[in-house]
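The values are calculated or read from the model by the stated rules, or taken from the named source; none is laboratory data. Quick caveat: nothing in here was measured; it's all calculated off a predicted structure. Backbone-built Cβ (ideal geometry, glycine too); neighbour counts: all protein chains shown. Remember, those area values only see protein heavy atoms, side chains included, never the ligands or the DNA or RNA. Shrake-Rupley method; radii C 1.70, N 1.55, O 1.52, S 1.80 Å.
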Amino acid sequence: MLDEDFARIRAHRNNIHRYRRLLRTRLSELERQFIERRLAEEQTVLDALAAETFPVAFALPKGQDSARMGPSDERRP
């Protein structure tokens, strides 16, 4: 099952790279819209599949914000 998920993730990732390469070429407005729509769809599917395959999430302790933390806030051994 995990191998299948990795294969699906790889396929979506490859499609995303291909669509991004295509967007750097000369395209008609209709072609560009189609590719941008497909890119968004692939990204959505990839995000959902990655969240399903790797359901680990880390939460910060209450009252801490990652934007506020700096090097001096890190714990030292």
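At a glance:
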{"quantity": "Pick from segment 9-19, criterion of a type in the set (A, V, I, L, M) and without any contact (Cβ under 8 Å) to a residue 40 or more places away in the chain, ranking: surrounded by the fewest Cβ atoms within 10 Å (Cβ to Cβ)", "calculated": "Ala11"}
{"quantity": "Some residue of segment 52-70 being at pLDDT 75 or above and polar (S, T, N, Q)", "calculated": "yes"}
{"quantity": "Subset of segment 20-61 [part of a loop (DSSP other than H, G, I, E, B) and open to solvent by less than 60 Å² (accessible area, probe 1.4 Å)]", "calculated": "Leu27, Ser28"}
